[in-house]
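Below is one structure, written out as structure tokens, with a few remarks after it.
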Amino acid sequence: MNQKLRFRTEINGRTATAEELSPLAFAGFAHFTAMQVREGAVRGLEFHLERLRSASIEFFGQALPDNLVREHIRHAIKGAPSALSLTVTMFSRSGEFTSMGAAGDPAILIRTAPPFEGPAGPLRLYSVQHERPFPTIKHVGEASKTHYLRQAVKKGYDDAVFIDRHGRISEATIWNIAFWDAKP
């Protein structure tokens, strides 16, 4: 089926309204995982679910059951093209700068978008000394990632890679980095 993908956003399994999205426009107290869907499947889905579960426990003191998250993902991709990008965000209905979360937190926001294939070849990376707060959680509201990406591109690079205070490569702007020597 060759359908044109439109952006689709759902909260707790139903189309999000403008009123529901309004508090999220300035929210920084949320976390997410981003994945690529191909033929209704996600490579490493268990790792994405674990990321969401552990970050939710850290941020909200509780997590949605994996089967509920899977159900919301299935609903969001139902009838969509076979290839798409999917972002799952866990957030507090109370937003940020509040001392208590809302009952039933976290809520789940799922957004579908056109697929992304990644770079076709090697990247030129600009190194920046930077350490994110909560580095083990893929959280939102990090202007520094976009800032360093844009600075790298202005300098003729493809993206930025972060160096921690000990001089070690930690990650890149919105993706992880790994090195493999291809030896068994």
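Under 14 Å of direct C-alpha separation, and excluding same-chain neighbours fewer than eight residues apart, residue 138 reaches these aspartates and glutamates: 50, 58, 171.
If you roll a 1.4 Å probe over the chain with all protein chains in place, what percent of the accessible area is carbon or sulfur?
Values: 6530 of 11750 Å².
Its accessible area is 56 percent carbon and sulfur atoms.
Just so you know, the averaged projected area of the alpha carbon convex hull for the stretch 56-161 sits at 9.1 nm². Here the 3J(HN,Hα) profile of the stretch 54-69, calculated from phi with Karplus coefficients 6.51, -1.76 and 1.60 at θ = phi - 60°, is 5, 5, 5, 5, 5, 7, 10, x, 6, 9, 6, x, 3, 5, 6, 4 Hz, Gly and Pro shown as x.
Averaged over its residues, the chain has an accessible area of 64 Å² per residue, based on protein heavy atoms and a 1.4 Å probe. Phi-derived couplings, Karplus 6.51 cos²θ - 1.76 cosθ + 1.60 at θ = phi - 60°, listed residue by residue for the stretch 139-154: 10, 8, x, 10, 5, 4, 4, 5, 4, 5, 4, 5, 5, 4, 5, 4 Hz, with x used for Gly and Pro. Rounded if a/c is under 1.5, else prolate if a/b beats b/c, else oblate: with a ≥ b ≥ c from the C-alpha gyration tensor eigenvalues square-rooted, which is the chain? The shape class here is oblate. Here the 3J(HN,Hα) profile of the stretch 77-87, calculated from phi with Karplus coefficients 6.51, -1.76 and 1.60 at θ = phi - 60°, is 9, 4, x, 7, x, 6, 10, 7, 9, 9, 10 Hz, Gly and Pro shown as x. Backbone amide hydrogens, once placed in the peptide plane, bring residue 159 within less than 5 Å of 124, 126, excluding anything fewer than 5 places away on its chain.
The values are calculated or read from the model by the stated rules, or taken from the named source; none is laboratory data. All of these numbers come straight from a predicted model, not from anything done at the bench. What goes into the accessible areas is simple: the full protein's heavy atoms, side chains included, and nothing from ligands, DNA or RNA. Shrake-Rupley method; radii C 1.70, N 1.55, O 1.52, S 1.80 Å.
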